[in-house]
Every structure is written in structure tokens, then in C-alpha cells.
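Some notes on the structure that comes next.
Each value in this text was obtained by applying a stated rule to the coordinates, not by laboratory testing. Every value quoted in this text rests on a predicted model; they were computed, and no experiment measured them. Using ideal geometry, Cβ is built from the backbone for each residue, glycine included, and neighbour counts are taken over all protein chains shown.
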There are 2 protein chains.
Amino acid sequence: MTSLTPPLAELIGKPVHDIDTPALVIDMDAMKRNLARMAEFAKKHRILWRPHAKLHKSVLLAKMQIKAGAVGICVQKTAEAEIMVAGGIYNIFITNEVIAPTKLARVAALTQAVAAHGGQIAIAVDSIEGVSRLAQAMTNARTTVARLGGSTATVIDVFVEIDVGQQRCGVKPGQDVVTLAQEIRKHPALRFAGLQAYQGKAQHLHSAQERRLAIASAVKAVGIARQLIEAQGMKPGLVTGAGTGSLVLEAASGVYGEVQAGSFMFMDADYAQNERDPAQPQFEQALFVKTQVISTHPKHVVCDAGHKSHAIDSGMPKVHAFDEKSGLDYLNGGDEHGILQPSAGSTRLPSLGKMLWLIPGHCDPTVNLHDVMIGVKGGLRTGVVHGIYPVDARGALT
Amino acid sequence: MTSLTPPLAELIGKPVHDIDTPALVIDMDAMKRNLARMAEFAKKHRILWRPHAKLHKSVLLAKMQIKAGAVGICVQKTAEAEIMVAGGIYNIFITNEVIAPTKLARVAALTQAVAAHGGQIAIAVDSIEGVSRLAQAMTNARTTVARLGGSTATVIDVFVEIDVGQQRCGVKPGQDVVTLAQEIRKHPALRFAGLQAYQGKAQHLHSAQERRLAIASAVKAVGIARQLIEAQGMKPGLVTGAGTGSLVLEAASGVYGEVQAGSFMFMDADYAQNERDPAQPQFEQALFVKTQVISTHPKHVVCDAGHKSHAIDSGMPKVHAFDEKSGLDYLNGGDEHGILQPSAGSTRLPSLGKMLWLIPGHCDPTVNLHDVMIGVKGGLRTGVVHGIYPVDARGALT
């Protein structure tokens, strides 16, 4: 595609107006302020932060986060980890269960690869079978390395995932946690590293009080699990979790040692609906879909961004209003179109060719629709293109 | 990504079991039967068919369709057209309004490029401004060609889009249609080709009677527009439109000369809910997301396909049941996970590592999430991988 369309690098230094539509644009000034706020927050609360790269899927942004103080990154998929390692990121936690032996062989190979750079791979488990398969893959990799005369001391960090209220993966905070920790400790190539305790549902509870209750319950579950592990004479290790919606609560909990929040970099229309906790840093919207009006009508106009340009799992995008008086509502126009109508109390409609900016409903799957993110400095109205950020791990599903 | 994961070409000839998850898989036997049914239908009804490539975004599948009798393809985006032309497809209708001068310059360049191969580009318009901008771009391209000593006779086919009930783009079937047709005829590089009259909303009306009413109304609108054009002494040209949900109605209308249906190749869970019109060919489900159980629990299991693997704008995917007794319901588990529960009347849950097949809710945006489609022959249980079909125009948004 890029061989046919004008080379994207030619955009650098050009005014925002020249960005063809639809396009995914980062307000770099806002994003860097978000990053600084997160770094400051982590420092103040003396908590590790390991942002989730499932958001941006970008090697360049991962490096920017590590430079700002992140201890590494999280990913969800083996293929994402491979792309990040290839890009020079060597401290990666796969916050997910991996079961296929072919994938586990790839995880074990990554563990060997990053060790050469002083890095470390970590992974989550929630079953005995998962631990056995991982141990087998690590043993196979060690055998291969030994045959080549390399070090056979490489280990993978293994976190037991506990279900702290999301009701998806993870064991209940009871005897199963102890059994899994003990099972991990049987295998010399595995190191029991602690607990993966992410409450995903809590991120999108809009009232601050609901989030407080959800995380209080998660903290209680984590406490039970830690006590059970300690009662067996084992060290409980690190507790890791938390997203952008709840991170102030985990950071203040006294049991979480690491936060995984990623969305704070970009934010989205769904997070904008959250009632802000007073302790929460003031993260700003930094990710936009630039679009253009291609058809005008008496009571609506049509723009060139549909749900192949932005994810709609958390609702339709919002139209960014530079001028509060000219509000527009975005209605679903299908895969390639958006239908824009004047918001209540307004009758104004933009003209043909007018450029508009959408705030996506959900940032992560929106980024995953694009090959690149276009970084702008100096604001969306008068700024210039500052950089092109490839979505390196876009579509890295396996 | 493909440089790190095992080369996909190595999969060819391997059993279905070896396809890593999640993956987008085509049941090639079912797809080819669908293609043959469509070709037979068009022949029987003596109607042109120009399938919409926004579905598959694949040069190889477009070529397969043209070989089976399609007169060309439709696309929605200039970038999709560029990729198809680069792949050797030279008869393309951009069924959408294009307004940005930079994009129109690309459309004009494509028009020149395909002319050298005896091909033809067509486009839709719904505004005077759109016609003027297109004419300007074609004039500029002709000037450039003349300077290089080439032919300046190349024209672009222009369809006036009329709103036949979708309430998105298109002018109402009244005087505006005549005005636009006359405006097009003023410009020597533009040729008035007829009417774009697609009723997108009708495709997903589940009752056959509702679809009949919607298309009867569209046919009436088309009839009015044609009469108005003929009253001015102009030829009305071709009427083109129709999707998989309604194509039997447009084909029988006597006014539509071309159908644009694309989804019939793959089908999806949403189309499966449509009450079948007796005249409709029996299209079969041919597109699946292969997934795997990665976490098991007493009342649910979790698979590795979430809405980064399949679009959910038309609802959650269905779990394909080889065995009717073991039904499973797919619940939203987020971007990377699916939660599976036994369907009503069942308590059976699949075991860890079990491979399952999902029928996506909506085929088009699901394909757009994947780099490749893996073609399987011999069925999903015991078949083998027969071909890898790149989604060439994936993410081609501009």
C-alpha cells in the first residue's frame, strides 16, 4: 500500500492539514504530558510500572515508556512479544495463558534470546497442565541450547493468575494458588514470580465508588492468596495488575507492587466517561482519527471514517469540538462511513471537504486497525507532523 | 511478524490441526460452491455482477471472481483501488464519494493506468462540487499525459448516487439527479454512466417481507430518477447496487442491470439470521476464525479469540457446532479473549487446548483484522491447507 500512496515520511514537517483521511493521529504534546504524569505518579507512590503494549503495539512508544522509567512492558500475545524483542525490548511480561506447544516453544526461544541482552520474559498460568507444557517447552529449549554450547541457566518468570473479579481467566484465591505455586517451583527452568491480578471489568465502571468497591474486593482476594502462599513457607513475590481506570486504587493498596496501565498514553471516549478519582493524574485525550466530510445533506453529513477506522466495541466515537457551539453527534454509518448530525440545541453542519477529529470509543482495538500512527506537535489545528509511528504488532494475534 | 513466526507457506499441505490460533480460515470447498451459485444466478437472470472487494480485499479472490464471470469489482476506497490495480485488476468501480483533491489526483492516475490495459475506472458522485473536483483532477492528469505524448482520450465513468432508503450518501430521486447528470456531461473527461443505487440497510432486515418492501421502494426511486433523466433526452445508463441480502429482488426488478453483492462468498452470523427468500441461492458459511481453549473453569472456558480477531459490530460470533449436542455460546471477553458457556440445555464444556471454530458476526470488518486468510480443502475437521490468501488491501483506508 505504502508503495502506491505518497511515502509517509514525506509528511514529516508538513502541516496537519496535509494528513490524508482517515488517519490515526497522536497529539504528541498531550501524549508526552500523559507519560510524564504517569512517571511522576509511579515515583511518588514507589510502585513499578510496566505499561501494556497491547494498546500501542509500537516499538518506538515502548522505548519511550522505558526511557521514562517503565521497568518493561506487558503484552497479551506471543507474536507481540516476538515483535517487541525484534525491536530491542527485552523485559516483557506475557500477561496471558499460553497453551499451544508450538507457541510455548516460541516463548521459550524468546526467553533464551532476551537473556543474552540481560532481559527477562515472564508469563501467566492458571492450570497445572499449563505449567507442565511450559516446563516441557523450557526443557526442550535448554536441551537445544546445551547442544550448541550455550548457557542452560535461563529461567522464565511465572505469575499465577488469580481471578480478582473479572470472571475470565485465573484461579480463585484459594488452595489452587498454592498448588500452582508449588508446581512451578518443581521445575528448574521456571521461577515463581508472584500473582497476576488484573481486574479488567473495574476499568470501565464509570462511578469512582463502584471502582473503589471492585478494587477493594480485588485487594482482599490478593491478600488471601498471599497469606496462603506464605503459610506454606514460600515468598509471595510481586503482585501485578491495574489499568488506567483504577491504578490509583491498586497503587494505594499496599499489596500491588506493579501497575500495568497502558491506555493513559492515549485515553478514549469510554475512559472520558469515568468519574475522576481525585488522586488520579489528569490524563488528556491524545489519540484522534482525522476524517473528512464527503457528502452533505439538509440534516446530516457523511464522513469517511467508519468502523474499519475506529473500534466501536465501547460505543461510537465522539466528535472533538474545538468550538463548543458546533457540536456534532456521530452515528454508525457502517464499515467506511460515519453519519454526523448536529447535537441537541444546534443546527450547524460542516461543509463538504471539512476536516474533523474523532475521539475513538476504545483506544486499543482502534490502534489495531491502523498500520501507522501519525504524531503531531503544536496542536491539531496549526501543528505539524513530527513523526510516523508504525503499529509494529498490528494484527499479531497468535 | 512473518519473519519471526514460522513461514506461512510451510503450512500448505499440512492438516487443519496445524493452523495456529487465532486464524482466519476459508472453507475453500464451500466458498467455491458459493461462487458457482452466484455465477449461475447472474447468468440465469442475465444480470451483470461486480462483487464488492471491500469484503475480501484480496487480489487472488478478485481474480477468481472475474474468472467465474464477474465484469470487474467494486471497492470503497481509492487505496483499495490502487492495490487492486497493482495486482492486475483493471475494471474497478469506486462506489463512494471522493472529495479530497489529493485522492482525486490518485483516482485520475488510476484511470490513465488501467486504460493501458483496456480497463475502466468508475466512481460515484452526489454533489456538483464533487463533479467539479473530479473534472479538475482528470483535466490535470490529461495535461500531464499530453506533455508525455500519451493519449488524452481517457475518461472516467461517473455514476450519480441516489439515496434509495439508506439515508447516508446520495441525492434524492428528483431534480438533483438530472442536474448532476447534466453537470457530468459538460466535462469531456467524465462519462455519465448511470445510477449507483445501493440499499445497504435492506441487507440486514431479517424478514423476507421487510426486505421486499425496502427494495420495492428502492426500485420505485430508481424508476423516478430514470424517467427524469430520459425526459431530458439523456440515456439513463446502468443501474447498479444490491447486496447479498437482497440481490434476488434487484435482479428481478427489471431496472437494475448490475449487482454488487460480495458477502455471498463467505457469509456470516448476521446473514445467517435472514429469513431466506425462496429465490435466493443457498449460500453456505465459508469463513471461520479458528480458536483454542486457553483457560478452563467450572462454568465457562476462555478461548484466544477476542474482538481483535473478529468484528463485533453485528454481534458476537457463533460457535460452529460439528455436533449439535455440544452447543456453546460466545460471550464478549474483550480484545483478546472469548468466554464460552454451554448453550441452554447443555452442560458440556471443551477441555484445555481444544480447537474450536467461530462464525464471525460480520464478515467484511473481520477480514480487515487479518493479514492473511488460510484456505482449507476437505473440511474443517480432516482437511488440509490448500492456499494462503493475503488480505492485500487490509487497512487501505484512504
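Would you please state the base-10 log of I(q)/I(0) at q = 0.16, 0.17, 0.20 1/Å for segment B:323-398, with intensities from the Debye formula using one equal scatterer on every alpha carbon?
-0.84, -0.93, -1.13
Please give the charge dipole size of the protein assembly as shown, origin at the Cα centre, charges +1 on K and R Cβ atoms and -1 on D and E Cβ atoms. Round to the nearest 20 debye.
Numbers: 80 positive and 70 negative charges, 147 e Å.
Computed about the Cα centre, the dipole is about 700 debye.
What is the set of long-range amide H partners of A:Val391 at a cut-off below 5 Å, with H atoms built 1.01 Å from backbone N?
A:Val372, A:Met373
With unit charges on the beta carbon (Lys/Arg positive, Asp/Glu negative), name the residue among A:Pro173, A:Pro15, A:Val158 whose Cα is farthest towards the positive pole of the charge dipole of chain A.
Positive-most Cα among the choices belongs to A:Val158.
What residue among B:Met38, B:Met265, B:Met64 shows peak mean-square fluctuation when chain B is described by a Gaussian network model with Cα springs under 10 Å?
Most flexible of the set in this elastic network: B:Met64.
Using each residue's phi in segment B:294-306, evaluate 6.51 cos²θ - 1.76 cosθ + 1.60 at θ = phi - 60° and report the 3J(HN,Hα) Karplus result to the nearest Hz, with x for Gly and Pro.
After applying 6.51 cos²θ - 1.76 cosθ + 1.60, I find 10, 7, 10, 9, x, 10, 7, 10, 10, 10, 8, 10, x Hz.
Need one value for B:304-313: mean number of C-beta atoms belonging to other chains within 10 Å of its residues' C-beta atoms. Could the numbers behind the result be given before it?
Details: counts 10, 1, 4, 7, 13, 2, 0, 7, 5, 9.
That works out to 6 on average.
Can you tell which of B:Leu195, B:Gln209, B:Asn274 lies farthest toward the positive end of the dipole of the protein assembly as shown, using +1 and -1 charges on the Cβ of basic and acidic side chains (Lys, Arg; Asp, Glu)?
B:Leu195
Suppose we keep just the alpha-carbon trace of segment B:236-381; what are its Rg and Dmax in angstrom?
17.8, 65
Tell me what the protein assembly as shown gives for mean residue ellipticity at 222 nm when only DSSP H runs of n ≥ 4 count, each as -39,500 (n - 2.57), the sum divided by the residue total, rounded to 500 deg cm²/dmol. Let's see the in-between values first.
On the way: 20 runs with 238 residues, N = 796.
The helix contribution divided over the protein assembly as shown gives -9500 deg cm²/dmol.
By the scheme Lys and Arg +1, Asp and Glu -1, what is the net charge of all other residues having a beta-carbon under 12 Å from that of B:Gly245? Could the numbers behind the result be given before it?
Details: positive: B:Lys201, B:Arg211, B:Arg212, B:Arg276; negative: B:Glu210, B:Glu250, B:Asp268, B:Asp270, B:Glu275, B:Asp277.
Residues close to B:Gly245 contribute a combined charge of -2.
Give the angle, between 0 and 90 degrees and rounded to the nearest 10, that separates the Cα long axis of helix A:175-185 from the longest principal axis of the Cα atoms of chain A.
With rounding to tens, the tilt is 70 degrees.
Tabulate in residue order the Karplus-calculated ³J(HN,Hα) for segment B:210-226, using 6.51 cos²θ - 1.76 cosθ + 1.60 with θ = phi - 60°, rounded to whole Hz; enter x for Gly and Pro.
Taking θ as phi minus 60°, the curve returns 4, 5, 4, 5, 5, 6, 4, 5, 5, 5, 4, 4, 4, x, 4, 4, 5 Hz for segment B:210-226.
Return the sequence-ordered ³J(HN,Hα) values of segment B:33-42 in whole Hz as given by the Karplus equation 6.51 cos²θ - 1.76 cosθ + 1.60 applied to θ = phi - 60°, using x for Gly and Pro.
Taking θ as phi minus 60°, the curve returns 5, 4, 5, 5, 5, 5, 4, 5, 4, 5 Hz for segment B:33-42.
Which of the trypsin sites (Lys or Arg not before Pro) found in segment A:41-133 are in a DSSP loop and have at most 10 neighbouring Cβ atoms, other than their own, within 10 Å? Could you put the intermediate results ahead of the total?
Values: sites: A:Lys43, A:Lys44, A:Arg46, A:Lys54, A:Lys57, A:Lys63, A:Lys67, A:Lys77, A:Lys103, A:Arg106, A:Arg133; in loops: A:Arg46, A:Lys54, A:Lys57, A:Lys77.
Within segment A:41-133, the qualifying trypsin sites (Lys or Arg not before Pro) (loop, at most 10 other Cβ atoms within 10 Å) are A:Arg46.
Given a cut-off of 18 Å, what percent of all Cα-Cα pairs of segment B:44-178 lie beyond it?
Numbers: 5111 of 9045 pairs.
Tail of the P(r) past 18 Å holds 57 percent of the pairs.
Distance from the Cα centre of segment A:304-360 to that of segment B:117-145, in angstrom?
Comparing the Cα centres of segment A:304-360 and segment B:117-145, I get a distance of 28 Å.
Between copies, how far does the label point of B:Ala9 sit from its twins, in nm, shortest first, when each point is 7 Å from Cα along Cα→Cβ?
Label-point distances to the other copies, shortest first: 2.7 nm.
Where Rh denotes the Kirkwood radius from the mean inverse Cα pair distance, what is Rg over Rh for segment A:212-294? Mind dumping the intermediate values first?
Details: Rg = 17.1 Å, Rh = 14.9 Å.
For segment A:212-294, the value is 1.15.
For the protein assembly as shown, what is the Kirkwood estimate of the hydrodynamic radius, computed as the reciprocal of the mean inverse distance between distinct Cα atoms, to one decimal in Å? Provide the component values of the computation, followed by the final result.
Values: mean 1/r = 0.0360 Å⁻¹.
This gives a value of 27.8 Å.
Copy-to-copy spacing for B:Gln227, label 7 Å out on the Cα-to-C-beta vector, in nm, shortest first?
Counterpart label points of B:Gln227 in the remaining copies fall at 8.2 nm.
Applying a 10 Å radius around every beta-carbon, put A:163-169, B:276-282, B:313-319, A:202-208 in order of their mean neighbour count, most first.
On the way: A:163-169: 21.9, B:276-282: 13.9, B:313-319: 20.0, A:202-208: 17.6.
Packing order, densest peptide first, comes out as A:163-169, B:313-319, A:202-208, B:276-282.
Highest mean first, how do A:139-146, A:239-246, B:369-376, B:141-148 rank when packing is the count of other Cβ atoms within 10 Å averaged over residues?
Details: A:139-146: 16.2, A:239-246: 26.9, B:369-376: 22.6, B:141-148: 14.0.
By packing density, highest mean first, the sequence is A:239-246, B:369-376, A:139-146, B:141-148.
Partner chain Cβ atoms within 10 Å, averaged over the residues of A:71-77 - can you pull that number for me?
Details: counts 0, 0, 0, 0, 1, 7, 4.
Per residue, the number of nearby Cβ atoms from other chains is 2 on average.
Would you tally the net charge around A:Ser263, using a Cβ to Cβ cut-off of less than 11 Å, leaving A:Ser263 out, and scoring K and R as +1, D and E as -1? Walk me through the numbers on the way to the answer.
Working: positive: A:Lys54; negative: A:Asp268, A:Asp270, A:Asp364.
Here the count lands on -2.
How many partner chain Cβ atoms sit within 10 Å of a residue's Cβ in peptide A:390-397, on average, as a whole number? Can you show the working numbers first?
Details: counts 0, 1, 1, 1, 6, 11, 5, 17.
Average neighbour count from other chains, rounded to a whole number: 5.
Find, among the trypsin sites (Lys or Arg not before Pro) in segment A:178-248, those assigned to loop by DSSP (not H, G, I, E, B) with at most 16 other beta-carbon atoms within 10 angstrom. Don't skip to the end; give the middle numbers.
Numbers: sites: A:Arg185, A:Lys186, A:Arg191, A:Lys201, A:Arg211, A:Arg212, A:Lys220, A:Arg226; in loops: A:Lys186.
Listed in order of number, the matching sites are A:Lys186.
So how long is each side of segment B:28-268 along the principal axes, counting just the alpha-carbon atoms, biggest first, in Å?
Each principal axis gives a Cα extent; for segment B:28-268 these are 55, 43, 28 Å.
Just want the answer: with Cβ charges of +1 for Lys and Arg and -1 for Asp and Glu, which residue in B:Ile99, A:Gly315, B:Leu349 is farthest toward the dipole's positive end in the protein assembly as shown?
Of the listed residues, the answer is B:Ile99.
Please give the net charge around A:Cys363, taking every other residue with its beta carbon less than 15 angstrom from that of A:Cys363, where Lys and Arg add +1 and Asp and Glu add -1. It would help to have the intermediate numbers written out before the result.
Numbers: positive: A:Lys54, A:Lys57, A:Lys318, A:Arg394, B:Lys308; negative: A:Asp27, A:Asp268, A:Asp270, A:Glu284, A:Asp313, A:Asp364, B:Asp335, B:Glu336.
With Lys, Arg at +1 and Asp, Glu at -1, the neighbours total -3.
For A:Pro188, place a label point 7 Å from Cα along the Cα-to-Cβ direction in every copy; what are the distances to the other copies, in nm, shortest first?
Nearest first, the other copies' label points are 8.5 nm away.
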